[in-house]
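Every number here is computed from the coordinates shown, using simple stated rules; none is lab data. Everything numeric in this text was worked out from a predicted model, so none of it was measured. Because the Cβ atoms are built from the backbone with ideal geometry, glycine has one as well, and the counts that use them run over all protein chains shown.
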Amino acid sequence: MDPAVIIIGAISFGGIAILTSLRVLYEYERGVIFRLGKLTRAKGPGLIFLVPFGLERMRKMDLRIIALDIDPQDTITKDNVSVRVNAVVYFRVADPTKAVIEIEDYYFATSQLAQTTLRSVIGQSELDELLAERERINDVVRDIIDQGTDHWGIEVTSVEIKDIDLPQEMKRAMAKQAEAERERRAKVISAEGEYQASTKLAGAAEIIAEFPGAMQLRFLQTVVEVAAENNSTTLFPVPIDLFSSFIEKGKTPSVEAKNRALQAAAETMLQALPAGADPSELEAVIKGAIAVGKASVEAVPVRIDDDE
């Protein structure tokens, strides 16, 4: 056989073996190398050379963070309330060699551990804690899962509870509780507003009592505000103090009114008496004046005060 052919064949075979032994790993990948079934080390990223002819074999491991969705879990809280909770777990492979040799399927194992841990933590918490302290519950679940997966080479970065589904009866009870709380707050705010308004009104009353003219100014301001509205009928109160001057002018003692009326009637009759009239006519005139004066006094309404 020609030596050249043998050399060319050997070179070709060696080149093919070398090409089949080369591997390229991305930045987020690592290769766990086994030589004749024995773990050597993890390689990567970049170009990796393996011993050909199956002497070395490689298993790729992805180091990126994986989002694991936990199925809804039916559980009972510490205060005996049935809830349905689902969450999401974020984890990644921190040690690729442990993830390969310590656990058969790290993804499935992490999922099962997350489910059992979530149900256990919820069973030890009350409903109010679960609703109000969700961040603390997330941290507790993350710490427990991370401790359980640490010897697998898995690092749990975070756990987030997505949804908490409550029974319809519990939702109605919570809605009533929230409505009652809102009503209580509304009543307290209304009472505080009334207290503050009463304080301001008391101060305004003191100022108006010190300056009586302020009441008339306030009255006129109210009339202006009412007149600005497009109302067909406007009713507004009128303080009785506005008519005090007119009432004082209308007061006259009853005796003085009678005397002035009689005197006016007598003077009128005396002026009508002709010159040179005799005493009998004068007597008749006086009687007529008295009669006219009485009639005029009865015709005029007179207010009699109790203190007279």
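Stretched out fully, how many nm does the piece from V24 to S120 gain, at 0.36 nm a residue minus the Cα gap?
Gain on extension, V24 to S120, equals 30.2 nm.
If you keep only loop residues by DSSP, which chymotrypsin sites (Phe, Trp or Tyr not before Pro) in segment 22-84 have at most 10 other Cβ atoms within 10 Å of their Cβ?
Listed in order of number, the matching sites are F53.
Determine, from the Cβ-Cβ distance of I8 and R57 and an R0 of 22 Å, the FRET efficiency 1/(1 + (r/R0)^6), rounded to the nearest 0.05. Spell out each step's value before the answer.
Values: r = 30 Å, r/R0 = 1.35.
With a Förster radius of 22 Å, E is 0.15.
How about segment 73-165: which GluC sites (Glu not before Pro) there are in a DSSP loop, with at most 15 other Cβ atoms within 10 Å of their Cβ?
E102, E104, E126, E133
Please turn the phi angles of segment 206-212 into ³J(HN,Hα) values with the Karplus equation 6.51 cos²θ - 1.76 cosθ + 1.60 (θ = phi - 60°), one per residue in order, whole Hz, x for glycine and proline.
In residue order, the calculated couplings are 5, 5, 5, 5, 6, 10, x Hz.
If I model a spin label at A214 and E104 as a point 7 Å from the Cα along the Cα→Cβ vector, what separation in nanometres do I get?
9.1 nm
Could you please rank I207, I145, placing first whichever residue has the fewest other Cβ atoms within 10 Å of its Cβ?
Fewest to most other Cβ atoms nearby, the residues stand as I207, I145.
Starting from the Cα-Cα distance between A175 and T199, subtract it from 0.36 nm times their residue separation and give me the gain in nm to one decimal.
Here the segment from A175 to T199 would lengthen by 5.0 nm.
Using amide H atoms built 1.01 Å from N in the peptide plane, name the residues 5+ places from I65, or on other chains, whose amide H lies under 5 Å from its own.
none
Label K187 and T222 with points 7 Å out from Cα along Cα→Cβ: what is the distance between them in nm?
For K187 paired with T222, the spin-label model returns 3.2 nm.
As an exercise, identify the trypsin sites (Lys or Arg not before Pro) in segment 35-142 lying in DSSP coil whose Cβ has no more than 11 other Cβ atoms within 10 Å.
Numbers: sites: R35, K38, R41, K43, R57, R59, K60, R64, K78, R84, R92, K98, R119, R134, R136, R142; in loops: R64, K78.
For trypsin sites (Lys or Arg not before Pro) across segment 35-142 that sit outside H, G, I, E and B with at most 11 neighbouring Cβ atoms in 10 Å, the list reads R64.
Would you calculate the separation in nanometres between label points at E206 and I66, each defined as 7 Å from the Cα along the Cα-to-beta-carbon direction?
With each label placed 7 Å out from Cα toward Cβ, I get 7.6 nm.
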